Every structure is written in C-alpha cells, then in structure tokens.
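Here is the structure we will look at, set down as structure tokens.
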C-alpha cells in the first residue's frame, strides 16, 4: 500500500495503514468524516472535523452549525483544543488520560463506535486497497451517505 495519508500503524507491527475519523450526532448519523495516516495523532483531526459539519436545517431561524456538546475519548484530550471548543460555544466532555474507567462516557460513546463499525462493514474501507487517498476518501464519504440513507429508511418504517 503506500501513497498519501498512510503511515506506520502503532498497533500492527508498523505496517502502513490509515485511520478513519468520524463525528456523529446522538443517533449515530455521520456528520463529518476524514482520513489520516496510521501514525497521525487523533487530536489533530478534531477541529477540522468540527469545522466540516454542514449547517443543520429544520427549525426556524439561522441553521445551527455547531453541536452543543462534544464527547470524546482520551485521545482527543488537549487543553488547547478544549479552549478552542469553548471559544466556539461547544461544551467538551472528553475523558482525561490516566483516569480510571467509569467516567460514564462509554454509555454515550458507543454510538460513535457503532458508526465506525458500520463504516467498516464495507470491504473497501475495512482493508485499504487504493493507493490514492482521494479515492479512498470518496469511498469513505459514499459509505457515510449509505449509513445516512439506512437511518432515514429505518425512521420511515416507524
């Protein structure tokens, strides 16, 4: 494999790989998706993901562009990024490193894990075959659209 947005994976004997980053709503709908190298720090993708959220329409008035609250695991902990989120009017519920389990975030973070699992049901995303990052990112966006479609169809059946 090789190409852009790949790097040695810290967990898979330094084989080159990629990471999928997603920001979802409370239902598991992917709002923003991105791709980075396997050795890329997760925290560097936090603010670009927040900036990539499209406006949410539906209610009268100006469409909401940012979430009220953001949940994250310890990989997204940084004082600078917490300040950036606070300046944007977003409350951060991010677990701090080296804290014991039981913070309670797992009760809400499973939604993100389920969305990532849904993304990896598509073979092209589970194993990266493309050398070019733009093609792989296109497949990532298509998978996000398919997940949104499935969620809309499930909502219609109720």
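Remarks
- If you check 135, 116, 147 for being surrounded by 14 or more Cβ atoms within 10 Å (Cβ to Cβ), assigned to a helix (DSSP H, G or I), more than 14 Å from the chain's Cα centre (by Cα) and at pLDDT 85 or above, only one passes: 135.
- Lone unmet requirement of (1) in a helix (DSSP H, G or I); (2) farther than 16 Å from residue 43 by Cα; (3) in contact (Cβ under 8 Å) with a residue 12 or more places away in the chain for residue 110: (3)
- For the condition at pLDDT below 85, in contact with a strand residue (DSSP E or B) (Cβ under 7 Å, 6 or more places away or on another chain) and surrounded by 14 or more Cβ atoms within 10 Å (Cβ to Cβ), residue 71 qualifies.
- Residues in segment 51-95 that are in contact with a helix residue (DSSP H, G or I) (Cβ under 9 Å, 6 or more places away or on another chain) and part of a loop (DSSP other than H, G, I, E, B): 66, 67, 73, 77, 78, 88, 90, 95.
- The set of residues in segment 74-90 that are modelled with pLDDT of 85 or more, surrounded by 13 or more Cβ atoms within 10 Å (Cβ to Cβ) and within 17 Å of residue 53 (Cβ to Cβ) comprises 81, 84, 85, 88, 90.
- Of residues in segment 6-28 being assigned to a loop (DSSP other than H, G, I, E, B) and surrounded by 16 or more Cβ atoms within 10 Å (Cβ to Cβ), the one modelled with the lowest pLDDT: 9
The values are calculated or read from the model by the stated rules, or taken from the named source; none is laboratory data. Since this is a predicted model, take the numbers as computed values, not measurements. Virtual Cβ from ideal backbone geometry, glycine too; neighbours counted across all protein chains shown.
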